[in-house]
Amino acid sequence: MDKIDKAILALLQANASASLQEVSEHVNLSATPCWRRIQRLEREGYIRQRVALLDPAKLNVGVTVFVSIRTSQHNEQWVRRFTAVVTAIPQIVEFYRMSGDVDYLLRVVVPDIKGYDAVYQRLIREIELSDVSSSFAMEQIKYTTALPLEYA
């Protein structure tokens, strides 16, 4: 990974729909070598996919809820079932296994408290949980999908 690769990744993180001409001009390469680099970055997994970032408020899912989950179940069968339940709920957009006091952390997007309650009710109906704690985000101060490239 050299500085040109990093420049390509930085540009594509900011605008995945940038044309090959825009990318090649940005990194001072002709189109063919630039295209080869992009293909290599995709093949090697640096670029997993290209997506459109949508506006949650316009889609009526402007409320973000962070859900901390504790469980007394730590066996493989329970984890597989829990993962299946969580991944089947479209309002849950992020799902992490944690260290420390909390076992799992979810990020949920919904239109309102009633929408969150429906997600909560589905969770507790479909899987046994020891403790669920929900925190509603009051304001989004920073949000980015761009990863730092300085460590690559």
TODO: Excluding Ala137 itself, calculate the net charge of residues whose Cβ lies under 15 Å from the Cβ of Ala137, where each Lys or Arg counts +1 and each Asp or Glu counts -1.
DONE: -1
- [ ] Give me the accessible area of Met1, 1.4 Å probe, in Å² rounded to the nearest 10.
- [x] 80
TODO: Could you work out the mean projected area of the convex hull around the alpha carbons of region 33-152, in square nanometres to one decimal?
DONE: 10.4
- [ ] Would you kindly find the accessible area of Leu53, with a 1.4 Å probe and non-protein molecules such as ligands, DNA and RNA excluded, rounding to the nearest 10 Å²?
- [x] 120
TODO: Send over a whole-number figure in Å² for the accessible area per residue of the chain, probe 1.4 Å.
DONE: 70
TODO: Let me know the shape class of region 95-151, please: from the alpha-carbon gyration tensor, a ≥ b ≥ c as square roots of the eigenvalues, rounded when a/c is under 1.5, otherwise prolate if a/b is greater than b/c, or oblate.
DONE: oblate
Task: Carbon/sulfur fraction of accessible area - the chain, other protein chains in place, 1.4 Å, % - done: 51
Task: Stretchable slack from Ala152 to Ala52, in nm (0.36 nm times residue separation minus alpha-carbon distance) - done: 33.6 nm
TODO: Please state, to two decimals, what the Cα-based radius of gyration of region 14-62 comes to when divided by 2.2 N^0.38 Å (N = residues).
DONE: 1.50
TODO: May I ask you to evaluate 6.51 cos²θ - 1.76 cosθ + 1.60, the Karplus curve with θ = phi - 60°, for each residue of region 107-123 and list the ³J(HN,Hα) values in order in whole Hz, giving x for glycine and proline?
DONE: 10, 10, 10, 8, x, 6, 4, 4, x, 5, 4, 5, 5, 4, 4, 5, 4
Task: Under 25 Å from Lys114, Cα to Cα: lysines that are on another chain or at least 8 residues apart - done: Lys58
TODO: Please find the FRET efficiency linking Asp101 to Phe66, where r is the Cβ-Cβ separation and R0 is fixed at 22 Å, and quote it to the nearest 0.05.
DONE: 0.95
Task: At R0 = 35 Å, FRET efficiency that the Cβ-Cβ distance of Ile124 and Glu22 yields, to 0.05 - done: 0.10
Open item on the list: Along the Cα→Cβ direction, 7 angstrom out, place labels at Asp112 and Val85. What is the inter-label distance in nm?
Closed with: 2.7
TODO: Using only Cα positions of region 1-104, each an equal point scatterer, no hydration layer, compute I(q)/I(0) via Debye at q = 0.10, 0.15, 0.16 Å⁻¹ and quote the log10 values to two decimals.
DONE: -0.52, -0.82, -0.85
Task: Rounded tilt (10° steps) of 31-43 against the dominant C-alpha axis of the chain - done: 30
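The values are calculated or read from the model by the stated rules, or taken from the named source; none is laboratory data. The structure displayed is predicted, hence computed values, not measured ones. Neighbour counts run over all protein chains shown; Cβ positions are idealised from the backbone, glycine included. The accessibility values were calculated without ligands, DNA or RNA, using every heavy atom of the protein model including side chains. Shrake-Rupley method; radii C 1.70, N 1.55, O 1.52, S 1.80 Å.
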